[in-house]
1. Please enumerate the residues belonging to the range 66-122 that are in contact with an Asp or Glu (Cβ under 8 Å, 6 or more places away or on another chain), part of a loop (DSSP other than H, G, I, E, B) and of a type outside the set (A, V, I, L, M, F, W, C).
2. Of all residues being in contact with a Phe, Trp or Tyr (Cβ under 9 Å, 6 or more places away or on another chain) and part of a loop (DSSP other than H, G, I, E, B) in the range 34-58, which is farthest from Thr69 (Cα to Cα)? Just the residue, please.
3. On the basis of being modelled with pLDDT under 95 and among the acidic types (Asp, Glu), does Asp137 make the cut?
4. Would a scan of the range 104-116 turn up a residue that is in the same structural domain as Asn36 (by TED's automatic domain parsing) and farther than 30 Å from Ser46 by Cα?
5. Does Thr59 count as polar (S, T, N, Q), under 28 Å from the mean Cα position of the chain (by Cα) and closer than 30 Å to Leu95 by Cα?
6. Taking the range 77-106, which residues are within 26 Å of Val55 (Cβ to Cβ), touching a helix residue (DSSP H, G or I) at 6+ places or on another chain (Cβ under 7 Å) and not polar (S, T, N, Q)?
7. Kindly indicate whether Val55 is surrounded by 13 or more Cβ atoms within 10 Å (Cβ to Cβ) and of a type in the set (A, V, I, L, M, F, W, C).
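The values are calculated or read from the model by the stated rules, or taken from the named source; none is laboratory data. In this text the structure is predicted, and so the values were computed from the model without any measurement. Positions of Cβ are backbone-derived with ideal geometry, glycine not excepted, and every protein chain shown enters the neighbour counts.
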Amino acid sequence: MAMIKLLGKTNLQGKTIFATDLTPTYTITRSASSVNEGSSVTFTLSTTNVANGTVLPYTISGISSTDVTTGSLTGSFTVNSGLATATITMSADQLTEGAETATLTLNNAAASSFVVVNDTSTTPVPLTISGLQLWLDASDTSTLYDATAGGSLVTTDGAAVARWADKSGNNRHAIQTTSNARPLLRTGVNGINSKTILSFDGSNDFLTSSVTGFKNLSAVSVIGVISTAVAAQADIQTMIWFGFGNAGNAGSGFPAARGLGISSLTGALNGEKITFLADNASFYSGRLGSTTYSRTANTAQSLQLELGSTGTQLYANNSSVNLNLANQISTSTNLAPNQIDYTLDDNLLLGAIRANGSVLTSGVNQKMAEFLVFNRKLTSGERSTLWSYLQTKWNIA
């Protein structure tokens, strides 16, 4: 029922006439005076003299569009029986911003209300370790796009991913311009630990990223969380490959490769191998002994390769793996097996290696969950912190 305000009375032709005020009124209240990031607040609009179905637009100020889950700072109330509500959910972002005040105001400026948004952000572990150059995280679906320039987010299981966006802040996004060579998004039971991952088909799928600025690094750490379809290797099987350029034939029938990575390649040596560039014309291959490193098919694992002029080490699920670096394919340098000199070109390959001038993809299906690159060797404490983060996130045994 509309509220009637008596303004006075007058007499007209013997009748008493009461004057009334039907001016609309607006009041906005909030469900809480403050909320944490990731939580919601409900604004209630109370009106008088406003017809049912009236739409009243509003604008939120004091925060950015990324601070709300809708990505929009505008909306509207629809009045019914003098009331209307709007529920705003704050984003649980990873930025340290301090407390902010979000003010909701009717576009007719007739009423407003505000809520304090408490900053409860937690900086992700990879961003707490200095030297991060590249961070690809498939569990973050806001980084997976259907076009190399961005396009729309990929959310459907089995859909192709053209761009895997870099979360390091360096914009080294991994992309694939050829439609039928793009990995697929896998979700739910097809993912890892119920999180989304990218699946490479083992035929022609791969992604490439620019790594300009990596040249002449004194050290580098490469970390990946992957799952492969087989435990033993017989054919070419790329697991993690930080591959650059082409070194030409390396002898012994071994596919020429240039770069650093973790892969299994057919050739003169048996067993799995870790392969990395020794100089511009040759590389070492260190055999991974079956007694120190094994893999379970279709099971996630974390592999970390640390490479530098003072030594090289591989870690599988945070346990060091014995590298028999004396098993060299060829070398034209006088470096000791553990002292690696390298110069990196400008392309990184995920799901493939570059050999004899051509991109070679893996021989079996492979799932990739996360991939990180640092421009130095990590300390033991940093390595343990990163491992704990990856183990918990991806439920690595």
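1. Within the range 66-122, Ser91, Asp93, Thr96, Glu97, Gly98, Asp119, Thr120, Ser121 qualify.
2. Val50
3. Working: modelled with pLDDT under 95: no; among the acidic types (Asp, Glu): yes.
No; evaluated as a whole, the condition is false for this residue.
4. There is no residue in the range 104-116 that is in the same structural domain as Asn36 (by TED's automatic domain parsing) and farther than 30 Å from Ser46 by Cα.
5. Details: polar (S, T, N, Q): yes; under 28 Å from the mean Cα position of the chain (by Cα): no; closer than 30 Å to Leu95 by Cα: yes.
When the stated conditions are applied, Thr59 does not pass them.
6. Of everything in the range 77-106, just one residue is within 26 Å of Val55 (Cβ to Cβ), touching a helix residue (DSSP H, G or I) at 6+ places or on another chain (Cβ under 7 Å) and not polar (S, T, N, Q), namely Met90.
7. Values: surrounded by 13 or more Cβ atoms within 10 Å (Cβ to Cβ): no; of a type in the set (A, V, I, L, M, F, W, C): yes.
It is false that Val55 is surrounded by 13 or more Cβ atoms within 10 Å (Cβ to Cβ) and of a type in the set (A, V, I, L, M, F, W, C).
The rows are residues; the columns are (1) within 29 Å of Ser142 (Cβ to Cβ); (2) without any contact (Cβ under 8 Å) to a residue 40 or more places away in the chain.
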site	(1), (2)
Phe43	yes, no
Thr48	no, no
Asn52	no, yes
Pro57	yes, no
Ile60	yes, no
Gly71	yes, yes
Met90	yes, no
Glu97	yes, yes
Thr105	yes, no
